[in-house]
Amino acid sequence: MNGAESLVRTLIASDLNVCFTNPGTSEMHFVAALDKIEGMRCVLGLFEGVVTGAADGYFRMTGKPASTLLHLGPGLGNGLANLHNAKKARSGIVNIVGEHASHHLKYDAPLTSDIEGIARPMSHWIKTSPSSHDIAADGALAVEAARAAPGQIATLILPADTAWNEGTAPVTARLAPARTLVSSEAVRAAAAALKQPDAALMMGGIGVRNPAMELAGRIAAKTGCKIISEYNSARTERGAGRVISNRVPYVVDLALKTLAGFRQIVLVGAKAPVSFFAYPDKPSTLAHTECTFTKLAGIEEDIVGALEALADELGARATPPAHVATLTPPALATGKVTLDGIAAVLGALIPENAIVVDEAVSSGRGFAPSTTHVQPHDWLTTMGGAIGFGLPTAVGAAIGAPGRKVLSLEGDGSAMYTLQALWTMAREQLDVTVVIFANRSYNILRGELAAVGAGTPGQRATDMLTLDRPNLDWVAMARGHGVEAGQATTLDELATQLKRGLATSGPYLIELVF
């Protein structure tokens, strides 16, 4: 058994059984080991950003790390943007990155690079395995690092000779330790804060999923506090029967207005809200200057246990939860395409137990009201803000949650960063319906140009913000990647196309032109 085989057996023994891959020459012994040993599902992505984004989506839906297989420093570099998103989402991933054989490094071949240096900004744990006798133990350490709460990026660098030389018996990674319990002092401080007027619970991490949200609803019913959440969330459970948490808006002025009335905010897996960017004459921190923040639980701590303790402290454990969504979906909108109309069509047609992956960017900011009182579903958003997140994350979510419909809401500009994910959807026959919001521009940047006070765009600036001359043909591109597709230019056509896509067992793409 060579080193590559011992590593594959270690990963499988450690319950890591999905590998998103884009390999090269240095990884061929690992490829051969994956071929020889049963137990690992291997999913090819045609670009490394698809590979890393899919691993992010997989963890969000399973809570289990997947592995990636990347080719040397440049391959890792191509995947860094979605590793950034995954790191911000606190997703656990084990990156296996090939390296030249140790005796070859001194020759400075064209693909030689500082792989550890490239990995460092987007990794919590990094190691170059020194020999084939160490690779099994190092692989187990990588899995353990990726499992550490709430989830971490582990990068294991595998020199080619480490893969092909004689290895050792596989090693099974230890289970992740339990999340850290919060102190009784933190619980009492949070209870005291919520007894004050103008108080809110601010939820993040697994706090925006059950059972945490149900506990938050009971606490809100007992104290009268509001429930808010971070604008970006790795996975929010929403819809009928679930407690509603209103997101802090992206736009600074709206966020300031939303938070203006709060003087006490208790943080539960969330950070104090700040603006995405700096703007002239606008604050970076979004809460009122007189607001006090009280930390109940950090993202890595036992959030559910902390809320149980807080509910007990307040006598709220048996109180029926407040702010529970009812099943009252909007009526199907018709006629000309508007953002409110799109939201109504989505709200009317989101199927029960769907997974919505939202990279609609500017088009999707107002979707929440029309999709709150609908069938129960999960809603995934980018955490790091690097575009090109949506399509790959939909791939990983579909593989991590088979049997659930995935609905990917995607801006046309963002989709171009990782459109190769469509090919993986087709090859794996994933149950993903993609809606491309084809407004022929980086529309968010038009708003940002004004928000930063950069003036009215001239022709050169306009050309840097628009996606025309020529227009992108998403129906043709989808079919070229093996995905059936259709176009909609009205809300009626959108509803027809969406019904068709949701009725399809494999991937389907809708180009919504407006």
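Using only the alpha-carbon atoms, what does the chain span along each of its principal axes? Please give whole angstrom values in decreasing order.
66, 60, 45
Which semi-axis lengths, in whole Å and largest first, follow from the square roots of five times the eigenvalues of the Cα gyration tensor of the stretch 143-236? Write down the numbers at each step before the final one.
Working: eigenvalues 370, 43, 22 Å².
Output for the stretch 143-236: semi-axes of 43, 15, 11 Å.
In the chain, with Lys and Arg counted as +1 and Asp and Glu as -1 at Cβ, which of these residues, T68, L332, S414, has the Cα nearest the positive end of the dipole, that is, farthest along it?
About the Cα centre, the residue reaching furthest to the positive side is L332.
With every protein chain left in place, what is the accessible area per residue of the chain in square angstrom, probe 1.4 Å?
Working: 20250 Å² over 514 residues.
Value for the chain: 39 Å² per residue.
Gain in length, R120 to M28, computed as 0.36 nm per residue apart minus the alpha-carbon separation, to one decimal in nm?
Numbers: separation 92, 0.36 × 92 = 33.12 nm, distance 2.45 nm.
Going from the current span to full extension adds 30.7 nm.
I need to check one value: relative contact order of the stretch 1-124, counting alpha carbon pairs closer than 8 Å and at least 6 residues apart, in percent. Working shown, then result.
Details: 204 pairs, mean separation 31.6, N = 124.
Across the stretch 1-124, relative contact order equals 26 percent.
How far apart, in nanometres, would the label points at R317 and T285 be if each is projected 7 angstrom from Cα along the Cα-to-Cβ direction?
3.6 nm
Over the chain, what percent of the accessible surface lies on carbon and sulfur atoms, probe 1.4 Å?
Values: 10910 of 20250 Å².
Carbon plus sulfur share of accessible area: 54 percent.
Can you compute the label reach from N246? Point 7 Å from Cα along the Cβ direction, backbone N cut-off under 16 Å, restricted to the stretch 201-217.
Taking a point 7 Å out along Cα→Cβ of N246, the residues of the stretch 201-217 whose backbone N falls under 16 Å are 201-203, 217.
Residue-wise, which Karplus ³J(HN,Hα) couplings in Hz belong to the stretch 158-165, taking 6.51 cos²θ - 1.76 cosθ + 1.60, θ = phi - 60°, and x for glycine or proline?
10, x, 4, 6, 5, 6, 8, 6
Please name whichever of G49, I37, T258 sits farthest to the positive end of the charge dipole of the chain, dipole taken about the Cα centre and charges placed at Cβ: Lys and Arg +1, Asp and Glu -1.
T258
Assuming R0 = 41 Å, can you tell me the calculated FRET efficiency for the pair E352 and D15, based on Cβ-Cβ distance, to the nearest 0.05? Walk me through the numbers before you get to the answer.
Working: r = 29 Å, r/R0 = 0.71.
Approximately 0.90, to the nearest 0.05.
Between F277 and D35, how many nm apart are label points set 7 Å from Cα along the C-beta direction?
4.8 nm
How long is the stretch 274-367 along each principal axis, judged by its Cα atoms, biggest number first, in Å?
52, 45, 24
Mind giving me the nanometre distance, one decimal, between the label points for A450 and A476, set 7 Å out from Cα along Cα→Cβ?
Result for the modelled spin labels: 3.3 nm.
Using the structure shown, select from K88/K282; K64/K87; K257/K282 the pairs with a Cα to Cα distance greater than 19 angstrom.
Among K88/K282; K64/K87; K257/K282, the Cα-Cα distance tops 19 Å for K88/K282.
Of V243, S275, L307, which is farthest towards the positive pole of the stretch 185-319's charge dipole, taken about the Cα centre with +1 and -1 on the beta-carbons of Lys, Arg and Asp, Glu respectively?
Looking along the dipole axis, the top candidate is V243.
Quick one: Karplus J couplings for the stretch 464-481, per residue in order, coefficients 6.51, -1.76, 1.60, θ = phi - 60°, nearest Hz, x for Gly and Pro?
Along the stretch 464-481, the couplings run 7, 10, 10, 10, 10, 6, x, 6, 6, 9, 6, 5, 5, 5, 4, 5, x, 9 Hz.
For a quick check: with amide H placed at 1.01 Å from N, whose amide H comes under 5 Å from C225's, ignoring anything fewer than 5 positions away on the same chain?
Distant-sequence amide H within range of C225: zero hits.
Just want to confirm a number: the relative contact order over the stretch 372-441, from Cα pairs under 8 angstrom separated by 6+ residues, in percent.
Working: 81 pairs, mean separation 24.2, N = 70.
Answer for the stretch 372-441 is 35 percent.
Sorted by packing (mean other beta-carbon atoms within 10 Å per residue), highest first, where do 283-294, 46-57, 127-138, 91-102 land? Working shown, then result.
Working: 283-294: 14.9, 46-57: 30.3, 127-138: 19.8, 91-102: 25.2.
Highest to lowest by the protection proxy: 46-57, 91-102, 127-138, 283-294.
Calculate the dipole size of the stretch 1-78 relative to its Cα centre from +1 charges on Lys and Arg beta carbons and -1 charges on Asp and Glu beta carbons; express the result in debye to the nearest 20. All intermediate terms of the calculation are to be shown ahead of the outcome.
Working: 5 positive and 7 negative charges, 30 e Å.
Using Cβ point charges on Lys, Arg, Asp and Glu, the stretch 1-78 gives about 140 debye.
If you place +1 on the Cβ of every Lys and Arg, -1 on the Cβ of every Asp and Glu, and leave all else neutral, what size is the dipole of the stretch 471-514 about its Cα centre, to the nearest 20 Debye?
It works out to roughly 140 debye.
Can you tell me the Rg and Dmax of the stretch 47-134, counting just the alpha carbons, in angstroms?
Cα-based Rg and Dmax for the stretch 47-134 come out at 13.5, 43 Å.
The values are calculated or read from the model by the stated rules, or taken from the named source; none is laboratory data. None of the values given here were measured: they were computed from a predicted structure. Virtual Cβ from ideal backbone geometry, glycine too; neighbours counted across all protein chains shown. Remember, those area values only see protein heavy atoms, side chains included, never the ligands or the DNA or RNA. Shrake-Rupley method; radii C 1.70, N 1.55, O 1.52, S 1.80 Å.
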